[in-house]
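Remarks on the structure that follows.
The values are calculated or read from the model by the stated rules, or taken from the named source; none is laboratory data. No experiment lies behind these values; they were computed from the predicted model shown. As a convention, Cβ positions derive from the backbone with ideal geometry for all residues, glycine included, and neighbour counts pool all protein chains shown.
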Amino acid sequence: RPRPKMRTVGGTLEAFEQDLISNLYYQRGTTLESASGPDGYHTLAVTVRDRLVGRYARTAAAHYQANPRFVYYLSAEYLLGRQLRQNLLYTGTEQFVRPIAEDLGVSLEELEAYDVEPGLGNGGLGRLAACLLDSMATLDIPAVGYGIRYEFGIFKQAFRDGAQVERPDDWTFYGNPWEFPAPDDRQVVGFYGSTAPALDDPSGLRRQWTPAETVRGEPSHMLVPGYGTPTVNIIRLWQARASRESFDLSRFGAGQYKEAVEDIVQAENISKVLYPDDSTEQGRELRLKQQYFLVACSLRDIIRRYRLRNTGWDAFPAKVVIQLNDTHPVMAITELMRLLVDEYRLDWDLAWSITRRTFNYTCHTLLPEALETWSVELLERLLPRHMEIIYSINHFFLQEVAATYPGDLDKMRRLSIIQEYPEKRVRMAHLAVVGSTAVNGVAELHTRLLAETTLRDFAELWPQKFHNVTNGVTPRRFVRLANPRLSELITERLGDEGWLTDLERLDRLAGAADDPAFLERWREVKRLNKVDLTHQVERSTGVVVDPDALCDVMIKRFHEYKRQHLKLLHVITLFNRLREMPEMDMVPRTVLFGGKAAPGYHAMKLLIRLVNAVAETVNTDPVVSRHLKVVLLPDYNVSRAQVIIPAADLSEQISLAGKEASGTGNMKLALNGAVTIGTLDGANIEIRDRVGAENFFLFGLDAQQAVDLRRHYEPRAYYERDPELRAAVDAIASGVFAKGDRSLFAPVVDAMLGRDEYLALADYRAYVECQDAVATAWRDRDRWTRMSVLNAARTGFFSSDRTVREYCDKIWRVDPVRVEPD
Ligand code: 26Y
């Protein structure tokens, strides 16, 4: 078989093969003859990784040389996805692997099976962080991401009798070839203890904290390469380690083995799991510890880096911009104040001015219950000095408020960082706004509603602080890697791969939407992707689905506001219709759900059971299953998303208007040619504006109507009035999906008819009618394919490259630094 001879940025094939064999020998200590699968994978991984190390070294050198302003992204979550394929693509070595693997008698797919995705996040916010880092590197922005190296990431989801069971995600069990430990940069972090006045400080604002407990933070980093550029940034992850004194040798000697390691276990628990259950006091304390651990380690590292090239503090905000990804890292504001005032002895006002100019805050929610608060009692115990600093910040802030609104005590109460009733708590979002230069929402509607509702008083006080930066997604992972067939077709049509770094060029596909030959090829790509998905569905669930059916996809965390139950009511309606009229000519559909429910979120775990129960009933009904299949794919994650998204025809974005901050799955699906059925919520609105109303299935209440209706809402009235809705709800209540057991799903029915918090019943009729319009459109193949093409062609705006450019222009004011090419 002829081998490509050319020299590319990835080097030559011969050199790559040489390095592979040498790495197998010297890194794994084995030979071709005796290597195992994991040996092969690790060897390939480090061989690819090695090609990024030179770039990283040159990036670090260029950054050192330029001493630029850096973006430091602080996030409790990162959902990076698998690394192997991405790094093969980014290093230009993808082309070598197949011929070499063939030679050695293995397949890339076999090796890739060992590539584990680091599940260091829950959902949208964590994946956004990963997309932004990818775009920052691609745009040559000097940036570092900081996070926690959770020993166990997001749980693995399985189903037992249809119910979600959670298994630990031991993602580093076989080692992680993608990270570099950096033990020299470890930090020490304190907890608990007491504070005392500093000796020579008449203002009383400087104090001395003596922690009662210390923990080490050990960093390791993963490389974040840019696409089409030599820039390689890093994400630095902290793992908690007991300080060396924690091992109690004398107790061990006395046979008290458990007690001897107690302190070690306690310390290392800090980075043990992503989002420890917070239903107990200990759980909440552990979460706060995690948050402080992350920011304390990261700030010390940021200061260490600053001091490599700078002296004094005046230039700090000119060289350091810190982006807070939601409220989870907001304690960084108080920690920087503590470092500057107590440790570096700056006076309060200067420290506060530096701090405020350094931080910016991104809010990702509108739900009041998602706004974090911490009890003063807990803070006083765990971080006594930080609590004092919060009081001082609040004191000076409220003075400012009083000067602006003299005598308006209600205003003060609403703006205060401290909530007084029913118990004293610290409002982290308020602290974030007060301590930041810029605050942003993640879609236009979200930003507007933030300013009008959740953060209204702040938006009135400081209107210039508020910005919108609509989210985006990286086209490298979610189009090029996830959907190579579509990527090839696009590249062929547009003439080159420029669209991958300039996504708005996709608009040149719009012309092709009227070219029948192109439509035919577009359909063929979608079909092949659906065949791939079909195999995956069959492997993981045993359900056989028809690749020619309409592939109707709802993939996201299970949450009431996202309204998986509304989708389910539609599914049950189709089921009822088919049972009633077995001969009806219904458009064949596969309804695919994917998503996890938080382990303590009982209502959603019950809904998962119901989805699985409906799936079982539908898929085993001889009549219904000819037209309809329902699947809940277990363990939805980034890797699964990369298989599902390219195969989707219809994208379900049906949250109650005014509840979904942005959504990013909506963007990924549209870019892959799925047509959206959705409400006027989050970024759906901006997607519809761009793809055109005629290429988007809109239904339901808008945000204002939802607020108005909520005031006097009676779900039962909708139930009584609409026979199809009644039949759907009754089917659940009657036990059809529970082998006659009427009690199992009764709580779902009660929630719908009782309060129906997210107005699913009110939107039901509009939704079902809209779905009927979807089915009609689907029957006209060319019409549908045209819509599909136009969705991809017109959503180039939703590249995270554009998002990062907006952050750069509006908030960060950082410039790119060019790195010496390979
Ligand atoms: C405090 C803790 C319980 C907590 C943990 C995780 C609170 C919030 C979160 C995660 C929030 C999240 O993922 N939000 C999503 O962020 C996306 C990126 O901006 C948005 O697209 C999406 O609408 C929003 O729900």
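At-a-glance table
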{"read-out": "Every residue from segment 529-586 that is away from the ligand (no atom under 16 Å from the Cβ), in a helix (DSSP H, G or I), charged (D, E, K, R) and out of contact with any helix residue (DSSP H, G or I) (no Cβ under 6 Å at 6 or more places or on another chain)", "value": "Asp532, Glu538, Arg539, Lys567, Arg577, Arg579, Glu580"}
{"read-out": "All positions within segment 735-754 that are over 20 Å from Ala766 (Cβ atoms) and surrounded by 14 or more Cβ atoms within 10 Å (Cβ to Cβ)", "value": "Gly735, Val736, Phe737, Ala738, Leu744, Phe745, Ala746, Pro747, Val748, Val749, Ala751"}
{"read-out": "Residue ID - surrounded by the fewest Cβ atoms within 10 Å (Cβ to Cβ), chosen from residues in segment 44-70 that are of a type in the set (A, V, I, L, M, F, W, C) and farther than 21 Å from Glu820 by Cβ", "value": "Val46"}
{"read-out": "Selection count, segment 162-182, where residues are closer than 20 Å to Arg49 by Cα and more than 24 Å from the chain's Cα centre (by Cα)", "value": "3"}
{"read-out": "Answer from Ser135, Ser203 - the residue that is assigned to a loop (DSSP other than H, G, I, E, B) and among the small types (Gly, Ala, Ser)", "value": "Ser203"}
{"read-out": "Which numbered condition Ser250 fails, given (1) exposed (fewer than 15 other Cβ atoms within 10 Å of the Cβ); (2) outside any helix (DSSP H, G or I); (3) more than 16 Å from the ligand (Cβ to nearest atom); (4) of a type in the set (Ser, Thr, Tyr)", "value": "(2)"}
{"read-out": "Hits in segment 100-126 - residues which are in a helix (DSSP H, G or I) and closer than 23 Å to Ser34 by Cβ", "value": "Ile100, Ala101, Glu102, Asp103, Leu104, Leu108, Glu109, Glu110, Leu111, Glu112"}
{"read-out": "Candidates Asp730, Asp689, Asp635, filtered to the one that is in a helix (DSSP H, G or I), of a type in the set (D, E, K, R) and within 30 Å of Leu80 (Cα to Cα)", "value": "Asp689"}
{"read-out": "Residue within segment 338-354 that is hydroxyl-bearing (Ser, Thr, Tyr) and closer than 27 Å to His446 by Cβ present", "value": "no"}
{"read-out": "Subset of segment 24-43 [assigned to a helix (DSSP H, G or I), free of Cβ contacts under 8 Å to residues at least 24 places away in the same chain and surrounded by 12 or more Cβ atoms within 10 Å (Cβ to Cβ)]", "value": "Leu24, Tyr25, Asp39, Thr43"}
{"read-out": "Residues of segment 123-151 that turn out to be touching a Leu at 6+ places or on another chain (Cβ under 7 Å) and within 16 Å of the ligand (Cβ to nearest atom), as a count", "value": "7"}
{"read-out": "Criterion: over 26 Å from Ile654 (Cβ atoms), surrounded by fewer than 22 Cβ atoms within 10 Å (Cβ to Cβ) and touching a strand residue (DSSP E or B) at 6+ places or on another chain (Cβ under 8 Å) - qualifying residue of Glu524, Glu504", "value": "Glu504"}
{"read-out": "Residue in segment 92-99 that is more than 16 Å from the ligand (Cβ to nearest atom), out of contact with any helix residue (DSSP H, G or I) (no Cβ under 7 Å at 6 or more places or on another chain) and within 21 Å of His221 (Cα to Cα) present", "value": "no"}
{"read-out": "Complete set of residues in segment 327-366 that are more than 16 Å from the ligand (Cβ to nearest atom), polar (S, T, N, Q) and under 26 Å from the mean Cα position of the chain (by Cα)", "value": "Thr334, Thr358"}
{"read-out": "Inter-residue pairs, beta-carbon under 6 Å, first at positive phi and in segment 655-671, second more than 12 Å from the ligand (Cβ to nearest atom), 6+ apart", "value": "Gly658/Ala703; Gly658/Ala706"}
{"read-out": "Close pairs from segment 700-717: first on the phi > 0 side of the Ramachandran plot, partner part of a loop (DSSP other than H, G, I, E, B) and surrounded by 13 or more Cβ atoms within 10 Å (Cβ to Cβ), Cβ under 9 Å, at least 6 apart", "value": "Gly700/Ile654; Gly700/Leu656; Gly700/Ala657; Gly700/Thr679; Gly700/Leu680; Gly700/Asp681; Gly700/Leu759"}
{"read-out": "Tally of residues being without any contact (Cβ under 8 Å) to a residue 40 or more places away in the chain and within 16 Å of the ligand (Cβ to nearest atom) across segment 415-443", "value": "1"}
{"read-out": "Test: residue in segment 664-673 that is touching a His at 6+ places or on another chain (Cβ under 6 Å), modelled with pLDDT of 95 or more and within 16 Å of the ligand (Cβ to nearest atom)", "value": "no"}
{"read-out": "In segment 507-521, residue surrounded by the fewest Cβ atoms within 10 Å (Cβ to Cβ) [restricted to those that are more than 21 Å from Arg690 (Cα to Cα) and hydrophobic (A, V, I, L, M, F, W, C)]", "value": "Ala517"}
{"read-out": "Close pairs from segment 353-373: first closer than 11 Å to Lys659 by Cα and modelled with pLDDT of 95 or more, partner assigned to a helix (DSSP H, G or I) and more than 9 Å from the ligand (Cβ to nearest atom), Cβ under 6 Å, at least 6 apart", "value": "none"}
{"read-out": "Qualifying residue in segment 694-710 (condition: under 24 Å from Arg508 (Cα atoms), surrounded by fewer than 20 Cβ atoms within 10 Å (Cβ to Cβ), over 19 Å from the mean Cα position of the chain (by Cα) and at pLDDT 95 or above)", "value": "yes"}
{"read-out": "Test for Leu324: is it within 16 Å of the ligand (Cβ to nearest atom) and under 20 Å from Val144 (Cα atoms)", "value": "yes"}
{"read-out": "So Gln291, is it farther than 30 Å from Arg476 by Cβ and in contact with a Pro (Cβ under 8 Å, 6 or more places away or on another chain)", "value": "yes"}
{"read-out": "Among residues of segment 367-414, those that are within 16 Å of the ligand (Cβ to nearest atom) and either touching a Cys at 6+ places or on another chain (Cβ under 9 Å) or not charged (D, E, K, R) (or both), counted", "value": "9"}
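Condition check ((1) in contact (Cβ under 8 Å) with a residue 12 or more places away in the chain; (2) of a type in the set (A, V, I, L, M)) across all residues:
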| position | (1), (2) |
| --- | --- |
| Ile154 | yes, yes |
| Ala163 | yes, yes |
| Gly175 | yes, no |
| Glu179 | yes, no |
| Asp200 | no, no |
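Quick grid of which residues meet (1) closer than 24 Å to Cys363 by Cα; (2) within 16 Å of the ligand (Cβ to nearest atom); (3) β-branched (Val, Ile, Thr); (4) touching a strand residue (DSSP E or B) at 6+ places or on another chain (Cβ under 9 Å):
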site	(1), (2), (3), (4)
Asp681	yes, yes, no, yes
Phe699	no, no, no, yes
Ala703	yes, yes, no, no
Ala738	no, no, no, no
